[in-house]
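Novice: Quick one: the structure is below, and I'll ask about it shortly.
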Amino acid sequence: MLISHVMSPKTRRVVPRSPERADSKSPAFDAQTFLDSAGVARRVKEFKKAEVVYSQGDAAKSVMYLQEGGVQLSVVSESGKEAVVAILGPGDFFGEGCLAGQSIRMGTATTITPSTVLVIEKSEMFKVLHEQRDLSDRFITFMLARNIRIEEDLIDQLFNSSEKRLARTLLLLARYGKEDQPHGLLPKVSQETLAEMVGTTRSRVNFFMNKFRKLGFIKYNGGLQVNTSLLSVVLHE
């Protein structure tokens, strides 16, 4: 998710990623095919949990592709307030602002679980996008789909209650719509972080989480498990 579209850190809100649609036919980015067909140097990096991938203010020289794990994007305002702007999962690009002329990183990327990241140098990405039509088509499709999701996310922030926003955020984090994860286990995310993402207080998040648990929408079983039945909260008028 591009950091530039997120509300001011002062609001301590985040526009979360939308779920992939279950019937989506968009081809996924094949990192291994990219490495093999493009003939680029293998630049796959392994990160431990809570390790910084890049920091706000660093030189923006590469695009990242998350192969495994989870990454949290955050920004810090001039007054020192920090806001979480996105939590990404496998299959997501990030740091692509360098392709649009950003010379420095606009936020910090930190792993929330052990992660594997494919690092693609800016010049190499430009070269491959020009020479590899299939990859270029996939990347354009990815970016167009992201713009559609951003519009949906903004509508969610403007018109839905905090309870609905929390339910939707949990579904997004659980990768709802992914065929291989019908009942997703969430990466470890604190209630404070969820409150920042939803735009409400920690006490309200705690209240709704207890409510969802009693209704069977979520359960704690070696981690937070989100059932697809939670979708009823989002769809309820």
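The values are calculated or read from the model by the stated rules, or taken from the named source; none is laboratory data. Only a predicted model underlies this, so the values are computations on that prediction, with no experimental measurement involved. Cβ: placed from backbone, ideal geometry, glycine included. Neighbour counts: every protein chain shown. Surface areas here come from the heavy atoms of the whole protein model, side chains and all, with no ligands, DNA or RNA. Shrake-Rupley method; radii C 1.70, N 1.55, O 1.52, S 1.80 Å.
Novice: Using 0.36 nm times the number of residues separating Ser232 and Asn210, minus their current alpha carbon distance, what extension gain do you get? Present the calculation step by step, with values, prior to reporting the outcome.
Specialist: On the way: separation 22, 0.36 × 22 = 7.92 nm, distance 1.64 nm.
Roughly 6.3 nm would be gained on extension.
Novice: Using amide H atoms built in the peptide plane, which far-off residues or other-chain residues are under 5 Å from Glu51 H to H?
Specialist: For Glu51, whose amide H was placed from the backbone, the distant partners under 5 Å are Thr111.
Novice: Hey, another quick one. Between segment 78-112 and segment 203-221, what is the separation of their alpha carbon centroids in Å?
Specialist: Each part's Cα centre sits 29 Å from the other's.
Novice: Once phi is turned into ³J(HN,Hα) by the Karplus curve 6.51 cos²θ - 1.76 cosθ + 1.60 with θ = phi - 60°, what whole-Hz value does each residue of segment 76-91 show in order, with x for glycine and proline?
Specialist: Result, ordered by residue: 10, 6, 4, 7, x, 7, 10, 9, 7, 10, 5, 10, 9, x, x, x Hz.
Novice: How do the peptides 197-205, 76-84 rank, highest first, by the average count of neighbouring beta carbon atoms within 10 Å per residue? Write out the running numbers ahead of the final one.
Specialist: Numbers: 197-205: 18.6, 76-84: 13.3.
The packing order, highest mean first, is 197-205, 76-84.
Novice: Determine the sum of side-chain charges near Arg204: Lys and Arg each +1, Asp and Glu each -1, restricted to other residues whose C-beta is under 11 angstrom from that of Arg204.
Specialist: Working: positive: Arg165, Arg202, Lys211; negative: Glu163.
Summing Lys/Arg as +1 and Asp/Glu as -1 gives +2.
Novice: Here is a follow-up. Report ³J(HN,Hα) in whole Hz for each residue of segment 204-213, in order, from the Karplus equation J = 6.51 cos²θ - 1.76 cosθ + 1.60 where θ = phi - 60°; Gly and Pro get x.
Specialist: 5, 4, 4, 4, 5, 5, 5, 5, 4, 5
Novice: Same structure, new question: Determine the share of segment 43-100's accessible area contributed by carbon and sulfur atoms, expressed in whole percent, with a 1.4 angstrom probe. It would help to have the intermediate numbers written out before the result.
Specialist: On the way: 1200 of 2590 Å².
Carbon plus sulfur share of accessible area: 46 percent.
Novice: Also, I was wondering about something else. Determine ³J(HN,Hα), in whole Hz, for all residues of segment 97-114 in sequence, where each value follows from phi through the Karplus function 6.51 cos²θ - 1.76 cosθ + 1.60 and θ = phi - 60°; x replaces Gly and Pro.
Specialist: x, 4, 6, 9, x, 5, 8, 10, 6, 8, x, 10, 10, 10, 6, 10, 8, x
Novice: Under a 5 Å amide H to amide H cut-off, with H placed in plane at 1.01 Å, what residues pair with Ala60 once short-range neighbours are removed?
Specialist: So Ala60 has HN proximity to Ile104, Arg105.
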